[in-house]
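Report on the following structure.
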Amino acid sequence: MPSRVNALVSATLESPTRGVIELSHDWRGRSVPVLVLAGGAFRMKKLERLPTAHFGLRAGYHFPQEGVIEFVLDPAAHPEIDVENDTVHVAGEFNGWRGAEEAAWQMRPRVLAGRPVLTWTGPAESVLAGGRRFKFVTGRNRWLVVPWDAPAVERDADGNLNRVVDPERTGGHLFGFELESPADLSVSLTVRWAAKHSGDQVPLCPGEFFFALGTELPLGVYPQRDGTVFRVFAPRAKSVELAVCAALAEQDRPHRYRLSRRDDAEGAAGVWEITLEGNLHGWFYWYQIDGPRDAFGPFDPKRRVLDPYALATVGREGPGIILDRARLGRVADERAFKTPAWHDLVICEAHVRDLAAHAPVAADEGERRGFAGLKKWVESEDFYLSRLGVNCVELQPLQEFDNRSREEYHWGYMTVNWFAPASAYATRPEAASGVRELQELVRAFHARGIAVIVDVVYNHVGEPAHLMFLDKLYYFEQNAAGELSNWSGCGNDTRCSAAMMKRLIIDSCAHWLEVFGVDGFRFDLADLIGVPVLKEVEAALKRVKHDVILVAEPWSFRGHAAGELRDTGWASWNDGYRNFLRDYVRGAAPRETLEYFLKGSPWYYAKWPAQTVNYTESHDDRCWIDVITENANHDGHLPTVNDRRRTHLMAAVLFSSIGIPMLCEGQDFLKSKHGVNNTYQRGDLNALDYARIHRFPSTHAYFADWIAFRLSETGRLLRHFSRASEGFFEFCWAEGTAAGAVIYNADLSQGPRRLLLAINPTLGDVVVPVGEWASLAWRQLADHERFLPPGRVAGARRVAPELFVPALGCGLWVAE
């Protein structure tokens, strides 16, 4: 008998009339527990034990009978499994995690609860004697991802998520119930014991059917000649009130209207709407929403809620600004600019204010804070990114975020609305000037031949969390007690798998593609979006723009999704590459790792070449020079000679690696943040000091020359559309070190030219034995200091069978 007191854990509606109640452990009584529904005019008409298979399908195990354990895997939840050509095994502490190597642990197909599954059945006592943690693994040693929200999971000391067998939760702790009539979701309901039992009660929470609710009706505000339509999705609301006013000064006396719920219309579940007379373009508006005030919904009829589909806003609190879409225009209609192919991209991550703050152009303080000032700099003949030579800029978030004033500096990763351009970057936010100003900025970048990627944050929201007051339960991940999930580290994680959250992501991205003409997106903490949702986002956005650039930051505090993204059209920031190269230039990484990353992190991380975004610095954490500097306190503001040499080595490796190279703003002129690790509100440290270009001109020129070479015809050997042949690369190594040389196009599979890159990350000179490769007619293009002008002999090195490479040195040669 269990020693614990049985308690209520959760109660979930699986449909409007049926649900499941979970106890803390198996119920040993002969009859069902006596439970009742409280809080509304609803009663249970049936309560019964559920088959243990119901638990097994979610937990990965159940005990179908006394003393027997059955491990269960639903192949439909793992599309990465090739069920026709591969096997799946159980691996855990009980078999030394070697299940993939032993046929005895292979799972067999059968039908369970009407679903085709894979199972392994055996005696529970002998299995669990060896441990309780387990996973599923294919016969090819591919470990299957454990869902973070599975019923029984825990992390090991290395941070790996594992399933766990609990002998007191075998499937006998679940009960199904049926209601006499469909539940009203706008009412707070609880399940409790009929008799006194430790005071337990739990809220009745709508389940998956609720998160599938949605509509295809247009949402937001649509001004037309014969009236203005307002439409919002609020599935658990009791009432929705609209407030509108013609001027900001009238906010204390707005016109108020009650919206009507559209549940009478097919495909309009949860939709509220109203049509007002006249075209209200330029008016201001907000909603006030009432609903159940429980653990799942802090509804407050007095609180102003910014429409998630507002096309512009005065500030983070609102109000929203009504805009007639017919008057917006579209940058996307201008076809003069063509988005570069992914394998041709050279990206620079940058912040609007960092670029504009000290730009040598005539702009007032207000302009330098946003789109207008940056546009002036982009149009200048001296524009920094044009001089550097990149063909793509990745701008940190441009959507409305939660800085407390227009003047306050903020990275922008706390978004409060995904359609509206950041009001802090507009010269006249009350007039929605940011829409036009952002369109003009994108046009200016395109005129320079530079594509624009926007950093977007859909995994969490900033303050105020307007979606929380629209419907906390629908839009945010939380547990059975209503406690918010926090794998983002920002206090709330959005429920991206919910139908209308997913649509909100797609609709807002499509809006930015069509209205602002951006070329793509980088998704912050994309692991929290989820691979299934990312696949749907990809399909939808490619229908809007077939060559849209899609980049994921594939991790979160929950896990890392890069491996799961291999079979998608997403590229991923490569944090392994970042960490490797920081170590390599300091002599602390092995040669095998250099080979792997120069080849483009093939197969596990990147199934195709441009799927890896290679970088060594981003906005997060310390910048490159502060990480690798020899100075104390990580302060690279005055870099040493070796700091600069190591930076040049990094550039040589970065631009010679297969994949998409990405720089961070100012990295080419050794930008330092004086060792400060987190500068998300430090505009003083982040703003670019362009005088450093002239303090370190050779480093800036070295980066620019590498970029120009990579984008040249000869540099095509570094830009791969598809995986190279097996003989494309040939590596030679200096004895006992990670110094070496690599020949590109060794097998001449990509034309008559070959490249040779030699690199030495050690503090001593080395010779690299290149053997017969020395017999080719090599011409040196660059060393660790500069690119050599065509025809220049002074300082050039010949390629000898024993190729000399100086300490912290490198060289690039071409043979034709």
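The values are calculated or read from the model by the stated rules, or taken from the named source; none is laboratory data. Just so you know, these numbers come straight off a predicted model, no measurement behind them. Every residue, glycine among them, receives a Cβ derived from its backbone with ideal geometry; neighbour counts consider all protein chains shown. Only protein heavy atoms, including side chains, enter the accessible area calculation; ligands, DNA and RNA are left aside. Shrake-Rupley method; radii C 1.70, N 1.55, O 1.52, S 1.80 Å.
Structure values in brief
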| read-out | value |
| --- | --- |
| Near pairs, Cβ below 8 angstrom, 6+ apart or cross-chain, from segment 86-110 (farther than 19 Å from residue 132 by Cβ) to any residue that is aromatic (Phe, Trp, Tyr) and open to solvent by 10 Å² or more (accessible area, probe 1.4 Å) | 106/120; 108/120 |
| Test for residue 81: is it open to solvent by less than 50 Å² (accessible area, probe 1.4 Å), in contact (Cβ under 8 Å) with a residue 40 or more places away in the chain, assigned to a loop (DSSP other than H, G, I, E, B) and touching a strand residue (DSSP E or B) at 6+ places or on another chain (Cβ under 7 Å) | yes |
| Residues that are more than 23 Å from residue 404 (Cβ to Cβ) and part of a helix (DSSP H, G or I), drawn from segment 653-689 | 653, 654, 655, 656, 667, 668, 669 |
| All helices (runs of 4 or more DSSP H) inside segment 466-564 with 2 or more residues being closer than 26 Å to residue 290 by Cα, in contact (Cβ under 8 Å) with a residue 40 or more places away in the chain and of a type in the set (D, E, K, R) | 466-475, 499-515 |
| Selected residue [out of contact with any Cys (no Cβ under 8 Å at 6 or more places or on another chain), among the small types (Gly, Ala, Ser) and not in a loop (DSSP other than H, G, I, E, B)] from 278, 282, 291 | 291 |
| Among (1) open to solvent by 10 Å² or more (accessible area, probe 1.4 Å); (2) within 19 Å of residue 780 (Cα to Cα); (3) among the hydroxyl-bearing types (Ser, Thr, Tyr) - the single one residue 744 does not satisfy | (1) |
| Verdict on residue 428 being within 18 Å of residue 284 (Cβ to Cβ), in contact with a helix residue (DSSP H, G or I) (Cβ under 8 Å, 6 or more places away or on another chain), open to solvent by 30 Å² or more (accessible area, probe 1.4 Å) and among the charged types (D, E, K, R) | no |
| Per-region count, segment 227-249, residues touching a residue at least 12 places away in the same chain (Cβ under 8 Å) and more than 25 Å from residue 16 (Cα to Cα) | 12 |
| Selection within segment 97-145 - among the basic types (Lys, Arg) and open to solvent by 40 Å² or more (accessible area, probe 1.4 Å) | 98, 108, 110, 115, 132, 133, 140, 142 |
| Selection status of residue 518, open to solvent by 10 Å² or more (accessible area, probe 1.4 Å), over 13 Å from the mean Cα position of the chain (by Cα), at pLDDT 95 or above and among the aliphatic types (A, V, I, L, M) | no |
| Qualifying position, being modelled with pLDDT of 95 or more, closer than 28 Å to residue 485 by Cβ and not hydroxyl-bearing (Ser, Thr, Tyr), among 73, 118 | 73 |
| Lone qualifier among 683, 659 - being modelled with pLDDT of 95 or more, within 31 Å of the chain's Cα centre (by Cα) and buried (at least 16 other Cβ atoms within 10 Å of the Cβ) | 659 |
| Every residue from segment 685-731 that is in contact (Cβ under 8 Å) with a residue 60 or more places away in the chain and over 23 Å from residue 783 (Cα atoms) | 686, 687, 688, 689, 690, 720, 721, 722, 723, 724 |
| Residues satisfying the stated conditions in segment 462-479, i.e. among the hydrophobic types (A, V, I, L, M, F, W, C) and open to solvent by less than 10 Å² (accessible area, probe 1.4 Å) | 465, 470, 473, 476 |
| Number of the condition not met by residue 299 [criteria: (1) within 30 Å of residue 681 (Cβ to Cβ); (2) among the aromatic types (Phe, Trp, Tyr); (3) outside any loop (DSSP other than H, G, I, E, B)] | (1) |
| Filter result (out of contact with any helix residue (DSSP H, G or I) (no Cβ under 8 Å at 6 or more places or on another chain) and either closer than 13 Å to residue 236 by Cα or open to solvent by less than 40 Å² (accessible area, probe 1.4 Å) (or both)) within segment 263-280 | 263, 265, 268, 269, 271, 272, 273, 274, 276, 278, 280 |
| Residue in segment 756-770 that is modelled with pLDDT of 95 or more, assigned to a loop (DSSP other than H, G, I, E, B), more than 20 Å from residue 595 (Cα to Cα) and open to solvent by 40 Å² or more (accessible area, probe 1.4 Å) present | yes |
| Flag for residue 642 being polar (S, T, N, Q), more than 30 Å from residue 744 (Cβ to Cβ) and out of contact with any Ser or Thr (no Cβ under 6 Å at 6 or more places or on another chain) | no |
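One line per residue, one yes/no per condition, for (1) crowded, with 24+ Cβ neighbours inside 10 Å; (2) farther than 27 Å from residue 703 by Cα:
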residue	(1), (2)
345	yes, no
355	yes, no
404	no, yes
417	yes, yes
424	yes, yes
